[in-house]
Protein chains: 2
Amino acid sequence: MEEKVINTGLRGVTIASTKISDVDGAIGKLVYRGYLAKDLAGKVSFEEITYLLLYEELPSETELTDFKQRIAQERTIPDELVTFLEASPKDALPMDILQASVSILAQYDPDLKDASRDGSARMAVRMIAKFATIVAAWDRIRNHHKPIPPNPDLTHAANFLYMLNGEVPDDELSGYLDTCLVLHAEHSFNASTFAAREVASTRAHMYAAVGAAVGSLSGALHGGANTRVMQMLLEIGSMDKVDDYVRDTLEKGGVIMGLGHAVYQTDDPRAHILAPMSKALGERIEDTLWYDLSKALETKGKAAFKEKKGRDIYVNVDFFSASLYYYMGIAVDLFTPVFAVSRIAGWCAHVLEEQFAEAAPKTALYRPESDYVGDYCGPDECVFVPIDER
Amino acid sequence: MEEKVINTGLRGVTIASTKISDVDGAIGKLVYRGYLAKDLAGKVSFEEITYLLLYEELPSETELTDFKQRIAQERTIPDELVTFLEASPKDALPMDILQASVSILAQYDPDLKDASRDGSARMAVRMIAKFATIVAAWDRIRNHHKPIPPNPDLTHAANFLYMLNGEVPDDELSGYLDTCLVLHAEHSFNASTFAAREVASTRAHMYAAVGAAVGSLSGALHGGANTRVMQMLLEIGSMDKVDDYVRDTLEKGGVIMGLGHAVYQTDDPRAHILAPMSKALGERIEDTLWYDLSKALETKGKAAFKEKKGRDIYVNVDFFSASLYYYMGIAVDLFTPVFAVSRIAGWCAHVLEEQFAEAAPKTALYRPESDYVGDYCGPDECVFVPIDER
């Protein structure tokens, strides 16, 4: 008899093979196409890692120069999309704007009806290039400013900050963001990537799949968590409130945002790289409060959780990225879109793998089973009664 | 040791309990909240079945009158959405238009930030009401006609045909469409519904989840199949070509669209209701070719498949809905959006169940495991080499 595993959220259920990344939650290891993410962080750009994710190897200097140029050329978004952004209500949720934008971009992609791997890869590069432009343009427009056109001479990270603020950031600042983008680019079968693969398994096109991923990332339990970490820090507001916050939250059965992860049973390896960057940036702008609060919350939250539950809890990727983005002057409700600006690289790599990897079953889509417990009329089916006899 | 089940598309893997519907693929049984779909077809309206799916019981006369009124009132789409449709390229894919529209609708829903069950259910009713309007408006606009405002005095099915063609259909015609909408409204954890639940599991809102479902339904292996069935019938074109088509297709290792299903190992129970409607409508308009072709293709396709593969194959829901929609004068590339006009009811019921059912785990999202096979540098991790040393 088939064993029924129910409501596990598919934890521990292996559903596909992948060459893209490996997460070993027990020891806190994250690998992108053979390379430890921690070996790459700070040494490669987002463009370089995107190349690795899409094409399976690190680029040569010439390949990277070409690829950077391609990304830079593809950053401009269609006028019709700008018109749409300008017509949208200023209080729209940024992730809704991004999800709509994906489906709108589809309409202007010359490769949309080319179902080949090459056609899909070209769509991927266009979308990866344009995501930062969309997010920055929306932030400008909702604040009654004109969008700033992308600057092809800047790196992807530097250009994003430039399009947001109108100022070219220095190398230190853009380097921090670049490392954030590298660290968020890919994380195996997380919920949004799985959504992208699920949609891709029906042979829907790249944009349809990425649109689903954006929807999934918007959830409070997934990409929405970095925004919620910052809202928590802002709510706490000062170092003397940390003890009370931790105690009150755990007493009410709540969770401390940024602690705990679906896969890691140790500190998230990305958090160890993000934390020192948050500290350094706080010191640079002489405002270490948000980093200090995070550190205190980490120490006290971990201890209190251990005392209450008898087991350990660990920081995840959102815990220190929150203060880091805040120090960069990025709006709090833009943190999740910034996550998307990076994760789009992983999503696209997974869609390509789902649809074109040699081992992929070309006629199978994800179609799980459910356990029907609708006992509306006992073990038998209900007898239909016409409405005038009900 | 954990057993690794790979690339099965989750077939046979039970991932959640549900009270919404039951599909027994072995005997061809489909149940909506306790009732056999075949007992409901032809006896209830789409509005009535939507009420059943959302609220767990068939409505009383008063409840149904109220609900129909609510649906009728919510059919109008925001002017901004019409403006968007008018600005879209006329050759845009209708499912991309629909996916974009979902995210745009989100911006105008007053309940968007209300994460309660009631708020989500109100969003659901609005979206269910508006889907038909969007699809009809898009078909008008792309054909350089003005959209026709919904008529609140018509049933959902009749109003859809009215908004498409500008003529109020008679009861026979609208009744056929109504039965199609009833039969397509819900089908357990199919790929698009699973996509909606996957996104909802992150606590993303109703629109984000439905946007993902639209993307999934657009795929050629899923909702896209009804369009492909009609394209196949048009390609065959006459009765004397059926034999050759079946032989050539199977010889080339191809599939006959509309034969075969992920779950049913017998005829799809919906096909048995759709087929006579296709026949009747063909006779009514004195053009039975597309029905006759379908029947011949069914008989010959099944026999040839059995001979070649040694096992049986069965018709699915798309096989006869194709000719039926074609007889109704619906554009071939609109068949999948018509599917969505119906399935939106099931999607919304599943999102509500995923987020609010008592048994739902409030802090778990779908996060499966994958098997990492990225042997880029043998069993060890690759050693990072800076770009100037590569």
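The values are calculated or read from the model by the stated rules, or taken from the named source; none is laboratory data. What you see is a predicted model; the values in this text were computed from it and never measured. Positions of Cβ are backbone-derived with ideal geometry, glycine not excepted, and every protein chain shown enters the neighbour counts.
For residue A:72, only one of the following conditions fails: (1) free of Cβ contacts under 8 Å to residues at least 60 places away in the same chain; (2) farther than 30 Å from residue A:260 by Cα. What is its number?
(1)
Within the range B:238-245, is there a residue that is under 21 Å from residue B:93 (Cβ atoms) and assigned to a helix (DSSP H, G or I)?
No: zero hits.
State yes or no: is residue A:215 more than 30 Å from residue A:358 (Cβ to Cβ) and either within 14 Å of chain B (Cβ to nearest Cβ) or buried (at least 24 other Cβ atoms within 10 Å of the Cβ) (or both)?
When the stated conditions are applied, residue A:215 does not pass them.
If you take the residues in the range A:370-382 that are at the interface with chain B (Cβ under 7 Å from one of its Cβ atoms) and without any contact (Cβ under 8 Å) to a residue 60 or more places away in the chain, which one is surrounded by the fewest Cβ atoms within 10 Å (Cβ to Cβ)?
The residue in question is A:377.
Going by what's in this entry, would residue B:128 be described as touching a residue at least 40 places away in the same chain (Cβ under 8 Å) and β-branched (Val, Ile, Thr)?
yes
Output yes when any residue across the range A:42-55 is surrounded by fewer than 18 Cβ atoms within 10 Å (Cβ to Cβ) and either touching a helix residue (DSSP H, G or I) at 6+ places or on another chain (Cβ under 6 Å) or under 30 Å from residue A:144 (Cα atoms) (or both), and no when none is.
Looking through the range A:42-55, at least one residue is surrounded by fewer than 18 Cβ atoms within 10 Å (Cβ to Cβ) and either touching a helix residue (DSSP H, G or I) at 6+ places or on another chain (Cβ under 6 Å) or under 30 Å from residue A:144 (Cα atoms) (or both).
When the range B:138-172 is examined, which residues are found to be over 16 Å from residue B:72 (Cβ atoms), in contact (Cβ under 8 Å) with a residue 24 or more places away in the chain and either part of a helix (DSSP H, G or I) or not assigned by TED's automatic domain parsing to the domain that holds residue B:90 (or both)?
Correct list: B:138, B:139, B:140, B:141, B:142, B:164, B:165, B:172.
Before we move on, is residue B:345 farther than 21 Å from residue B:155 by Cα, surrounded by 24 or more Cβ atoms within 10 Å (Cβ to Cβ) and modelled with pLDDT of 95 or more?
The answer is no for residue B:345.
Applying the selection to the range B:249-272, what residues are within 14 Å of another protein chain (Cβ to nearest Cβ), closer than 23 Å to residue B:39 by Cα and not in a loop (DSSP other than H, G, I, E, B)?
Within the range B:249-272, just B:269 meets the criteria.
Restricted to the range B:186-212, and to residues that are within 8 Å of chain A (Cβ to nearest Cβ) and assigned to a loop (DSSP other than H, G, I, E, B), which residue is surrounded by the most Cβ atoms within 10 Å (Cβ to Cβ)?
By that ranking, first place goes to B:204.
Looking at B:298, B:283 in this structure, which one is outside any loop (DSSP other than H, G, I, E, B) and either closer than 24 Å to residue B:187 by Cα or of a type in the set (A, V, I, L, M) (or both)?
Testing whether each residue is outside any loop (DSSP other than H, G, I, E, B) and either closer than 24 Å to residue B:187 by Cα or of a type in the set (A, V, I, L, M) (or both) leaves just B:298.
Give the residue, chosen from B:222, B:205, that is under 29 Å from residue A:262 (Cβ atoms), out of contact with any Ser or Thr (no Cβ under 6 Å at 6 or more places or on another chain) and not polar (S, T, N, Q).
B:205
Please state which one of A:100, A:92, A:87, A:106 is over 17 Å from residue B:109 (Cα atoms), of a type in the set (A, V, I, L, M, F, W, C) and at pLDDT 95 or above.
A:106
One residue is enough: does the range B:220-235 have a residue meeting the conditions farther than 18 Å from residue B:335 by Cα, touching a residue at least 12 places away in the same chain (Cβ under 8 Å) and either within 14 Å of another protein chain (Cβ to nearest Cβ) or of a type in the set (Gly, Ala, Ser) (or both)?
No, every residue in the range B:220-235 fails to be farther than 18 Å from residue B:335 by Cα, touching a residue at least 12 places away in the same chain (Cβ under 8 Å) and either within 14 Å of another protein chain (Cβ to nearest Cβ) or of a type in the set (Gly, Ala, Ser) (or both).
Looking only at the range B:218-229, which residues are closer than 18 Å to residue B:270 by Cα, crowded, with 24+ Cβ neighbours inside 10 Å and small (Gly, Ala, Ser)?
Hits for the range B:218-229 are B:223, B:225.
Checking residue A:118 against (1) surrounded by fewer than 17 Cβ atoms within 10 Å (Cβ to Cβ); (2) over 17 Å from residue A:351 (Cα atoms); (3) charged (D, E, K, R), only one condition comes out false. Which one?
Condition not satisfied by residue A:118: (2).
Would you mind listing the strands (runs of 3 or more DSSP E) fully within the range B:1-108 where at least 2 residues are within 30 Å of residue A:354 (Cα to Cα), of a type in the set (A, V, I, L, M, F, W, C) and within 10 Å of another protein chain (Cβ to nearest Cβ)?
Result: B:14-18.
One residue is enough: does the range B:114-132 have a residue meeting the conditions at pLDDT 95 or above, under 19 Å from residue B:71 (Cα atoms) and part of a loop (DSSP other than H, G, I, E, B)?
Within the range B:114-132 (the criterion being at pLDDT 95 or above, under 19 Å from residue B:71 (Cα atoms) and part of a loop (DSSP other than H, G, I, E, B)), the answer is no, since none of the residues qualifies.
Checking residue B:332 against (1) under 17 Å from residue B:98 (Cα atoms); (2) buried (at least 24 other Cβ atoms within 10 Å of the Cβ); (3) among the aliphatic types (A, V, I, L, M): exactly one of these is not met. Which one?
Status for residue B:332: all satisfied but (2).
Restricting the search to the range B:168-201, which residues are among the polar types (S, T, N, Q) and more than 17 Å from the chain's Cα centre (by Cα)?
The answer is B:174, B:201.
Taking the range B:1-26 only, how many residues are of a type in the set (Lys, Arg) and at pLDDT 80 or above?
Matching residues across the range B:1-26 total 2.
Could you tell me which numbered condition residue A:84 fails, if it satisfies all but one of (1) over 30 Å from residue B:206 (Cβ atoms); (2) of a type in the set (Phe, Trp, Tyr); (3) crowded, with 19+ Cβ neighbours inside 10 Å; (4) without any contact (Cβ under 8 Å) to a residue 60 or more places away in the chain?
Of (1) over 30 Å from residue B:206 (Cβ atoms); (2) of a type in the set (Phe, Trp, Tyr); (3) crowded, with 19+ Cβ neighbours inside 10 Å; (4) without any contact (Cβ under 8 Å) to a residue 60 or more places away in the chain, only one is false for residue A:84: (1).
Say whether the condition of being without any contact (Cβ under 8 Å) to a residue 60 or more places away in the chain and in contact with a strand residue (DSSP E or B) (Cβ under 7 Å, 6 or more places away or on another chain) is met by at least one residue in the range B:280-298.
Yes, the range B:280-298 contains at least one residue that is without any contact (Cβ under 8 Å) to a residue 60 or more places away in the chain and in contact with a strand residue (DSSP E or B) (Cβ under 7 Å, 6 or more places away or on another chain).
Here is a yes/no grid of residues against (1) β-branched (Val, Ile, Thr); (2) at pLDDT below 95; (3) in a helix (DSSP H, G or I):
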site: B:320; (1), (2), (3): no, no, yes
site: B:334; (1), (2), (3): no, no, yes
site: B:338; (1), (2), (3): yes, no, yes
site: B:359; (1), (2), (3): no, yes, no
site: B:378; (1), (2), (3): no, yes, no
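So, in the range A:126-155, exactly how many residues are aliphatic (A, V, I, L, M) and in contact with a Lys or Arg (Cβ under 6 Å, 6 or more places away or on another chain)?
Total satisfying the criteria: 1.
Cβ contacts < 8 Å: first residue in contact (Cβ under 8 Å) with a residue 60 or more places away in the chain, restricted to the range A:33-46; second residue of a type in the set (Phe, Trp, Tyr) and not in a loop (DSSP other than H, G, I, E, B), any location; separation 6+ or different chain. Result?
Within 8 Å, the pairs are A:40/A:32.
Is it the case, given these coordinates, that residue A:340 is buried (at least 20 other Cβ atoms within 10 Å of the Cβ), closer than 24 Å to residue A:54 by Cβ, touching a residue at least 60 places away in the same chain (Cβ under 8 Å) and within 19 Å of the chain's Cα centre (by Cα)?
Answer is yes for this residue.
Would you confirm whether any residue within the range B:173-184 is more than 24 Å from residue B:225 (Cβ to Cβ), of a type outside the set (A, V, I, L, M, F, W, C) and in the same structural domain as residue B:338 (by TED's automatic domain parsing)?
yes
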